[in-house]
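A quick write-up on the structure given underneath.
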Amino acid sequence: MKLKKFVFLLSLAAISAQAEDIVISTDSNALVYNVADNGRVYQKYFGKKLANPADYAAIPNGPEIYITSGMEDYYEPALHIVHADGNPSTLLTYTGHKTSTLADGAKQTVISMTDKAYGDMVDVYFIAYPEHDIIKTYTTVTNGEKKPIELEKYASSMLHFDNGDYYLTQFNGDWASEANAKETKLEYGRKQLDTKLGARANMFCSPFFQLGIDSPAAENSGNLLVGTLGWTGNYRFTFEVDHKGELRVISGINPYASRRKLGKGETFTTPEFIFTLSDAGRGKASRNFHDWARDHQLYKGNDTRMTLLNNWEATYFDFDEDKLIKLIGEAKDLGVDMFLLDDGWFGNKYPRHSDTQGLGDWDETKNKLPNGIGALTAAAKKNGVKFGLWIEPEMVNPKSELYEQHKDWVITLPNRDEYYFRNQLVLDLSNPKVQDYVFGVVDGLMTKYPDIAFFKWDCNSPITNIYSNYEKMDQNHLYVDYVNGLYNVLERIQKKYPDLLMMMCSGGGGRSDYEGLKYFTEFWPSDNTDPIERLYIQWGFSQIFPAKTLCAHVTTWNRSTPVKFRTNVAMMGKLGFDLKLDDLTEEEADYCRRAIKNYNALKPVILEGDQYRLVSPYEGEHAATMYVGKKDGDAVLFTFDIYPRYRQTISKAESNVKLNGLVPSARYAVTEIDRADGNDSKVGEYSGEYLMTVGLPLFTLNKLNSRVFSIKKM
Ligand code: GLA
């Protein structure tokens, strides 16, 4: 659990114990609670911040802040405690609240409540980032009884709406088809988005949602709640509309198979639910998240990111030292910052020549790499590129020395045949010895090869065969303690190697959450690198993640798309290449070298600027996204023409792209850059108002056509 999180309180305001409104606000929004005469705490308002806080007094109270089981509410509770005497009910009354400013400037409010009949305590934390309009919230539950209690349900957050019409957008799919946006209207009853996969938790459903309030979500208009859970494991979002048309949104760890025992005096801390309320649609909500993440959550959020050449699709498992040294030379030739060696470099008794064996045995395969990783880091150094390495340290193949020696470290049922997902099993990170081992994988490699600059940390299996062989384990705690064990390892790595950069990967986008991104600088959204598919996948993830977190590689998937098209799609995220120069013609390789230079020049705008999604690929044959730099207001625009139908025509309106995020009164020089022929082409000079109101006819009927425009403030 995240106990050490906010230890640096700068100022503690007086603890207040009288009934009053408790206002949690950002620059634009307010979430207001009230302590009623009966001592219970109610949500009375969640919406646009009112200029005069005294006005909140006139608003009647709504439902309780954190509804408990067994009392007068008939719908899904946030908290369900089974007390030491077996009583399943809880009634929380206010004991006080505290406000303080945290070290990073965030405003924290803690509302404390207790169940007087039992002495159990509940604190609901709100951490507001005023300028980003983001609020994080989580809850602690402390056992104040003499004997252990059990938590059946223990949500991070409960929010209430009484607007009548609600439209939920979820982001789900499967391997190689992640984060597809689908919107449905919520009606009476309960809709849940959840995962029970344990590890690789987000394989089927990404841990975030958008909720259109009153109307369906639009890109630039309408009221929208966007929320996500910072938890690299099983989560659950519950949306329940009651008979009065009121909606509750309950977010937290999925309590499935995770009943939590709390000893006397023990506290359980839930993960953070992070949310924003936008009055200008999805675009604004995304920019709130992007800015907040760079400033407050993402590891090295305000640092730039490295371009790279990865060997996975170039070689798969079929490589040796010579081939890799050739690729390291190609990394230099292309002009990328790093070479990343993927899966297949380890195992001797069971060499990792395929995904069937070797996982867990982290020694270089002698006949592939006779001179070890050291020869490769030396070659990288010689070529002036950094070196990165793939690992999957939470997992094991049954065909491995690790499995033979430490079966007790494996999550597996003692009395049943094992079944495998990708021929592997998950190590039991709830066991401190296994945590030491996993930390040791990284620590050992870093000690031996201090020139490793980067790890791609993979996680290709869900937790299967669910049983912990750790003698101290309560089996109901496995899913939760696994994740906390993982955080413990990541915390130790970050502390010891603060300069080490890491990519979070999980068979593609099976891990994509903001608690993970406190330790990782980026994530791999999908194994699918077909650029057409990527337009959708990156569109989905961009809803809450900034471009610098989205690893996007140019590969040989969908060879019918020009290399320029593939590269331009990847340039909208963290650009990398996963091919060999032999896969390219000389002309294409030249284009890639130029594109990398262009990307390096555009990086501050793409990675740190404001993103505006202009035309959605979900709407038809075209897509466009732009980024506006925060420093000088220069922008870059990407347009894509996908696949016109036979004899399709394009009207003036259809070809038009209206820009966004510019200064209306400023003048901009628009130039098409990154062209296949290497020559920039001037489009014209326009006011910001013209570009945003009239727009430019930039879409074409050319098949699989992509264009990049520089928009320079004059
Ligand atoms: C996963 C990753 C891929 C690659 C392979 C290696 O599928 O998503 O990028 O690293 O593992 O086995």
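The values are calculated or read from the model by the stated rules, or taken from the named source; none is laboratory data. A quick note: this is a predicted structure, and the numbers were derived from the prediction, not measured. As a convention, Cβ positions derive from the backbone with ideal geometry for all residues, glycine included, and neighbour counts pool all protein chains shown. We work out accessible area using only protein heavy atoms, side chains counted, and drop any ligands, DNA or RNA first. Shrake-Rupley method; radii C 1.70, N 1.55, O 1.52, S 1.80 Å.
Projection of the Cα convex hull of the stretch 259-322, averaged over all directions and equal to a quarter of that hull's surface, yields 11.0 nm². For T464, the accessible area of its heavy atoms, probed at 1.4 Å with every protein chain present, is near 10 square angstrom.
Given a 1.4 Å probe and the protein chains as shown, H353 ends up with an accessible area of around 110 Å². The DSSP beta bridges internal to the stretch 262-418 are antiparallel in roughly 10% of cases. The stretch between N220 and Y643, if pulled fully straight at 0.36 nm per residue, gains 149.7 nm over its current Cα-Cα span.
Rounded to the nearest angstrom and listed largest first, the equivalent-ellipsoid semi-axes of the stretch 378-477 from its Cα gyration tensor are 31, 14, 11.
The relative contact order of the stretch 513-574 comes to 38 percent, based on Cα pairs under 8 Å that sit 6 or more residues apart. Working note: 222 nm ellipticity from helices only, DSSP H runs with n ≥ 4, each -39,500 (n - 2.57), summed and divided by the residues of the chain, gives -6000 deg cm²/dmol to the nearest 500. Rounded to the nearest Hz, the phi-derived 3J(HN,Hα) couplings of the stretch 415-422 under the Karplus curve 6.51 cos²θ - 1.76 cosθ + 1.60 (θ = phi - 60°) are 10, 9, 5, 7, 10, 10, 10, 6, where x marks glycine and proline.
For the stretch 213-342, the convex hull spanned by the alpha carbon atoms encloses 245 Å³ per residue. Percent of Cα pairs in the stretch 169-240 per distance bin of 5 Å, from zero to the largest separation: 3, 16, 24, 26, 17, 10, 3, 0.
Start at zero, step by 10 Å, and the Cα-Cα distances of the stretch 268-364 spread as 13, 25, 20, 23, 16, 2 percent across the bins. Charges on Cβ only, +1 for Lys and Arg, -1 for Asp and Glu, centred on the Cα centroid of the stretch 502-612; of N598, W557, G509, which one is farthest towards the dipole's positive end? With unit charges placed on the Cβ atoms, the residue in question is N598. Electrostatic bookkeeping for R287 treats Lys and Arg as +1 and Asp and Glu as -1; over the other residues with beta carbon under 15 Å from its beta carbon, the sum is -3.
Electrostatic tally near T169: other residues with Cβ closer than 9 Å to its Cβ, Lys and Arg +1, Asp and Glu -1, net +1. Put the Cα centre of the stretch 63-84 next to the Cα centre of the stretch 143-183 and the gap is 15 Å. Measuring nothing but alpha carbons in the stretch 34-192 and taking Rh as the Kirkwood radius, the Rg to Rh ratio lands at 1.00. A Förster distance of 35 Å, applied to the separation of the beta-carbon atoms of N476 and K116, puts the FRET efficiency at 0.80. Across every pair of non-identical alpha carbons in the stretch 508-600, the mean reciprocal distance, once inverted, gives a Kirkwood radius of 13.6 Å. For the chain, the solvent-accessible area works out to 37 Å² per residue, with a probe of 1.4 Å and every protein chain left in place. P(r) tail for the stretch 551-608: Cα pairs beyond 12 Å make up 64% of the total.
Note that the stretch 567-706 carries a Kirkwood radius of 16.2 Å, evaluated over its alpha carbons pair by pair. Under 20 Å from a label point set 7 Å out along the Cα-to-Cβ vector of K448, the amide N atoms of the stretch 325-342 belong to 325, 339-342. Averaging Cα coordinates gives a centre for the stretch 270-346 and one for the stretch 608-626; these two points are 21 Å apart.
Simple point charges give the picture: +1 on the Cβ of Lys and Arg, -1 on the Cβ of Asp and Glu, and for the stretch 264-384 a dipole about the Cα centre of about 260 debye. Projecting the Cα atoms of F387, G119, N484 onto the dipole axis of the chain, where Lys and Arg carry +1 and Asp and Glu carry -1 at the beta carbon, places F387 farthest toward the positive end. Dividing the Cα radius of gyration of the stretch 426-480 by 2.2 N^0.38 Å, with N the residue count, gives 1.39.
For the listed peptides 559-565, 243-249, a ranking on the average number of other beta carbons within 10 Å per residue, highest first, reads 559-565, 243-249.
Plainly put, the stretch 103-198 has a radius of gyration that is 1.05 times its Kirkwood radius, both from alpha-carbon atoms, as the Rg/Rh ratio.
Accessible surface for R200 stands near 10 Å², nearest 10, in the context of the full protein assembly shown (1.4 Å probe). When the alpha-carbon atoms of the stretch 218-294 are used, the pair Rg, Dmax equals 16.1, 50 angstrom. Residues within the reach of a label modelled at K652 (point 7 angstrom out along Cα to beta-carbon, backbone nitrogen below 18 Å), restricted to the stretch 678-714, are 690-701.
Placing unit charges on the Cβ atoms only, positive for Lys and Arg and negative for Asp and Glu, gives the chain a dipole magnitude near 900 debye about its Cα centre.
Expressed as a fraction of 2.2 N^0.38 Å, the rule-of-thumb size for a compact globular protein of N residues, what is the C-alpha radius of gyration of the stretch 640-714? Normalised Cα radius of gyration, the stretch 640-714: 1.19.
The order of T26, T184 by accessible area, most exposed first and with a 1.4 Å probe, is T184, T26.
Cross-link check: pairs K332/K368; K196/K349; K495/K630; K49/K300 evaluated at a Cα-Cα cut-off of 24 Å; pairs beyond the cut-off: K196/K349; K495/K630; K49/K300. What's log10 of I(q)/I(0) for the chain at q = 0.08, 0.11 Å⁻¹, Debye sum over Cα points only, no solvent? The Debye formula, applied to the Cα set alone, gives -0.66, -1.20.
For the stretch 82-133, the alpha carbon convex hull comes to 100 Å³ per residue, rounded to a whole number. Compared with the rule-of-thumb size 2.2 N^0.38 Å for a compact globular protein, the stretch 445-514 has a Cα radius of gyration ratio of 1.32. Within the stretch 441-491, which trypsin sites (Lys or Arg not before Pro) sit in a loop by DSSP and count at most 12 neighbouring Cβ atoms inside 10 Å? Answer in residue order: K472. With the biggest extent put first, the Cα atoms of the stretch 431-588 measure 60, 35, 26 Å across the principal axes.
Using a simple spin-label model with pseudo-atoms 7 Å out from Cα toward Cβ, N348 and E418 lie 2.2 nm apart. When a 1.4 Å probe is rolled over the protein heavy atoms, the share of accessible surface on the chain that falls to carbon and sulfur comes to 50 percent. Among the GluC sites (Glu not before Pro) in the stretch 415-510, those located in a DSSP loop and surrounded by at most 10 other Cβ atoms within 10 Å of their own Cβ are E471.
With the highest mean first, a sort of the peptides 651-659, 327-335 on other beta-carbon atoms found within 10 angstrom per residue produces 327-335, 651-659. Hull volume per residue, based on the alpha-carbon atoms of the stretch 326-398 and their convex hull, is 86 Å³.
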